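Working notes, structure below.
The values are calculated or read from the model by the stated rules, or taken from the named source; none is laboratory data. Given the structure is predicted, the values throughout are model-derived calculations rather than measurements. No Cβ is skipped: glycine too gets one built from the backbone with ideal geometry, and neighbour counts run over all protein chains shown. Note: accessible area is taken over every heavy atom of the protein model, side chains too, but ligands, DNA and RNA are not part of it. Shrake-Rupley method; radii C 1.70, N 1.55, O 1.52, S 1.80 Å.
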Amino acid sequence: MLYHPDKHRDPELKRQAEQLFTYVHQAYEVLSDPQSRAIYDIFGKKGLEVEGWEVVERKRTPAEIREEYERLQRERDERRLQQRTNPKEIHQLCAVDRRIGFHRGRSGVQPGVVTCGCRNPLSQPHCVFNCTLMTTSIVRDTKTSHFTLALQLGVPHSYLMMSYQYKFQDEDQTKVKGSIKTGFFGTLVEYGAERKISRHSVVAATVSIGVPQGVSLKIRLNRASQTYLFPIHLTDQILPSAVFYATVGPLAIYLAVQKLIIMPYVRAQKEQELEKQKEVSASEIARRKQEAEAAVLLMQESVKRIIDAEESKMGLIILNAWYGKFVSDNSQKHESAKVIDVTVPLQCLVKDSKLILTEASKAGLPGFYDPCVGEEKSLKLLYQFRGAMHQVLSGDTEPLKIPKQCHRIDSEA
């Protein structure tokens, strides 16, 4: 109703209203159709521009569309990884395996299995024969840990093994693990850790202490579908100094590389992506800014009526509203605040002395646009209700409902 061209007599306002009303009509057509709405929720505007929508069948439900899209996205990511890494090695395996397993916090038992294997790398062809008479294992796998107790009888190795792995719930997917294995070959104790260092790369280090194997260090780097192994044999005897260097050395090197190389590189990559995002979206930001300014002009008459109605009953009056990046930290004083005035758009949304904003980015509200793409934004409000002053600072995607008693400012302040 606000953007309807017939509501405006001024020729310039009428022209701007016609343009914005076209967008409203397009949005209504998409959101009123369950199929189009599901496509938009998943793919955004680009998904709607696909002719004939060849990606999925039109008769599918929104849940099926989302499932199909996720499958296609995984396939695309896998193809990109294959193109990046271009693995050169071929593995061939022939196995007869019979297992019963239970996971997600429950135990599992794997009974006897007979296995024959053949591995044929292109660079060095050879064949290895293994005969396993029996393998029995108990596995407990949860969100934060993994425990295995296994017994194997076979040729050339028979052993009893117990291992435990703890999974940290952090962004880098850090894991620490330890195991003990004893058999005809002797006794071996292993401990180590692994951590994700980039989107497609994982680094791991394992210290092995065994009799008669001695002390060794294994460093592994997984990059997509490729694995690089760096085994380092330190000594044939169990020496405290060798154990110390095998444990502390990789940790010290990792911390130094993390601080001096990885963190600056990741930070530079994020800055480059942000700048690239700003350049790509510059024209879109200019268009959104122009639309927002036009919307504010169209809101003026409605806002005056809303303010008159709210003043008559001492209701909700938006005195000042700012949206964008606020600089409050003294260390960032050299940075300029990137905010826009959104007093009019928010007052236009007031109904029955209430303002309710849902859990979504406020950049999509009428009369708003994103003044600082890719940066953290907030909404700062100063409003009056029942003659008292109120103030609130809300995050970009946080829901907001005003007025609230906790927003009230003391008269002395």
Kindly check whether there is at least one residue in the stretch 376-397 that is open to solvent by 30 Å² or more (accessible area, probe 1.4 Å), at pLDDT below 90 and either of a type in the set (A, V, I, L, M, F, W, C) or touching a Gly at 6+ places or on another chain (Cβ under 7 Å) (or both). no
Give the number of residues within the stretch 390-410 that are outside any loop (DSSP other than H, G, I, E, B) and either within 19 Å of Thr358 (Cβ to Cβ) or in contact with a Ser or Thr (Cβ under 8 Å, 6 or more places away or on another chain) (or both). 8
Does any residue of the stretch 278-289 turn out to be within 24 Å of Gln405 (Cα to Cα), in a helix (DSSP H, G or I), of a type in the set (A, V, I, L, M, F, W, C) and assigned by the TED database to the domain that holds Gln384? no
Quick one: would you say Arg287 is closer than 30 Å to Thr22 by Cβ and among the basic types (Lys, Arg)? yes
Among the residues of the stretch 106-121, is there at least one that is at pLDDT 85 or above and open to solvent by 40 Å² or more (accessible area, probe 1.4 Å)? no
Note: among Leu379, Leu355, just one is more than 12 Å from Ile318 (Cα to Cα), in a strand (DSSP E or B) and either assigned by the TED database to the domain that holds Asp308 or out of contact with any Ser or Thr (no Cβ under 8 Å at 6 or more places or on another chain) (or both), namely Leu379
In the stretch 169-186, residue most open to solvent (accessible area, probe 1.4 Å) [restricted to those that are at pLDDT 90 or above and touching a Lys or Arg at 6+ places or on another chain (Cβ under 7 Å)]: Lys175
Considering only residues that are touching a Leu at 6+ places or on another chain (Cβ under 6 Å) and open to solvent by 40 Å² or more (accessible area, probe 1.4 Å), look in the stretch 132-168 and name the one that is nearest to Ala193 (Cα to Cα). Met162
Taking the stretch 235-259 and keeping only residues that are among the charged types (D, E, K, R) and outside any loop (DSSP other than H, G, I, E, B), one is left with Lys259
Sort out which residues of the stretch 205-234 are farther than 19 Å from Leu251 by Cβ, assigned to a strand (DSSP E or B) and in contact with a helix residue (DSSP H, G or I) (Cβ under 7 Å, 6 or more places away or on another chain), and write them in order of number. Arg223, Gln226
I want to confirm something. Restricting to the stretch 187-218 and keeping residues that are modelled with pLDDT under 90 and of a type in the set (S, T, N, Q), which single residue is least open to solvent (accessible area, probe 1.4 Å)? Ser201
Of the residues Val248, Val296, Val327, Val257, only one is under 25 Å from the mean Cα position of the chain (by Cα) and not small (Gly, Ala, Ser); which? Val257
Might you check whether a residue that is open to solvent by less than 40 Å² (accessible area, probe 1.4 Å) and at positive phi occurs anywhere in the stretch 271-293? no
Looking at the stretch 302-320 only, could you name the residues that are surrounded by 13 or more Cβ atoms within 10 Å (Cβ to Cβ) and without any contact (Cβ under 8 Å) to a residue 12 or more places away in the chain? Ala309
Hey, could you check the stretch 220-241 for residues that are surrounded by 15 or more Cβ atoms within 10 Å (Cβ to Cβ) and in contact (Cβ under 8 Å) with a residue 60 or more places away in the chain and say which is nearest to Arg79 (Cα to Cα)? Ala224
